[in-house]
Amino acid sequence: MAIIVHHLNNSRSQRVLWLLEELGEPYDVRRYERDRRTMRAPEALRAIHPLGRSPVVEVDGHRLIETGAIMDYLVARAGGRFGPPGDAKGAILYRQFLHYAEGSMMPPLLALLVVGKLGLLGRPARPTVQRMLDDHLDWLEGELATRPYFAGDAFTAADMMMSFPLEASRSRGGLDEGRPHIIRWLKDMHARPAYQAALKTGGHYAYA
Ligand SMILES: N[C@@H](CCC(=O)N[C@@H](CS)C(=O)NCC(=O)O)C(=O)O
């Protein structure tokens, strides 16, 4: 049975479509549209999983949430393609960035979003949250100055995981050409044929 991806437009689940395109794995996309006013997922997604969030993937008789876990599962299922590199340092970096993307990088981006929505009320908090994000961006710029991809010389699922927080940073977190190594990396990611193919199956994606 083909893998089913429950995909919300403009969301983290774009990365799952991208990985499946890289793997050449057949999949069906069930698309959900955000509410234009609240930007929340539609109620229909709660029928798939009680959290009503995306991605949700149906694979091998399981229903799986959490992007990092989904990527990890799909990579293992594909015999480790796009998984941890063979060298010890690369394998550590792979694990680190696979989890860091959602665990550490997304929270300040989410905080920035909330602060932005608060308008004038949120304004006093903005510099503090921006500084938190800048710490991440400065560190990542230094990391990508030393190697082409997050886990070393090879493109891996860790790069795919890192795409969403860095795309969101470019869109609303002040990431620009002043951090040339991250921008170079983003351009490389967007140039991949599988990334482009995933944009076609996923529908509108504001961050590409
Ligand atoms: N850490 C989770 C986050 C899941 C999540 O919050 N997904 C967002 C999409 S970017 C969502 O479905 N939001 C819809 C909503 O909050 O209503 C993951 O990576 O899967």
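Just so you know, all these numbers are worked out from the coordinates, no wet-lab data involved. All values reported here derive from a predicted model rather than from experimental measurement. Quick reminder, even Gly has a Cβ in these numbers, built from the backbone with ideal geometry, and neighbours come from all protein chains shown.
Using square roots of five times the C-alpha gyration tensor eigenvalues, list the equivalent-ellipsoid semi-axes of the chain in whole Å, biggest first.
Working: eigenvalues 133, 114, 41 Å².
Those come to 26, 24, 14 Å.
For segment 18-80, which trypsin sites (Lys or Arg not before Pro) pass both filters: DSSP loop (anything but H, G, I, E, B) and at most 14 other C-beta atoms within 10 Å?
Hits after loop and neighbour filter: R36, R37, R40.
Which helices count as membrane-span-like in the chain under these terms: full DSSP H, at least 20 Å along the axis by C-alpha, Kyte-Doolittle mean of -1.0 or more?
Those that clear 20 Å and a mean of -1.0 are 126-144, 157-172.
Enumerate by residue number the GluC sites (Glu not before Pro) in segment 115-208 meeting two conditions: DSSP loop (anything except H, G, I, E, B), and at most 15 other Cβ atoms within 10 Å of the site's Cβ. List each step's numbers first, then the result.
Working: sites: E141, E143, E167, E177; in loops: E177.
Answer in residue order: E177.
How large is the helix-only mean residue ellipticity at 222 nm for the chain, computed as the sum of -39500 (n - 2.57) over DSSP H runs with n ≥ 4, divided by its residue count, in deg cm²/dmol to the nearest 500? Numbers along the way, then the final one.
Working: 8 runs with 103 residues, N = 208.
Calculated mean residue ellipticity at 222 nm is -15500 deg cm²/dmol.
Where is the GNM fluctuation largest for the chain (alpha-carbon springs, 10 angstrom cutoff): A78, A101, A47?
A47
Once the other residues with Cβ under 15 Å from the Cβ of L45 are scored (Lys, Arg +1; Asp, Glu -1), what is the net sum?
Around L45, the charge tally is +3.
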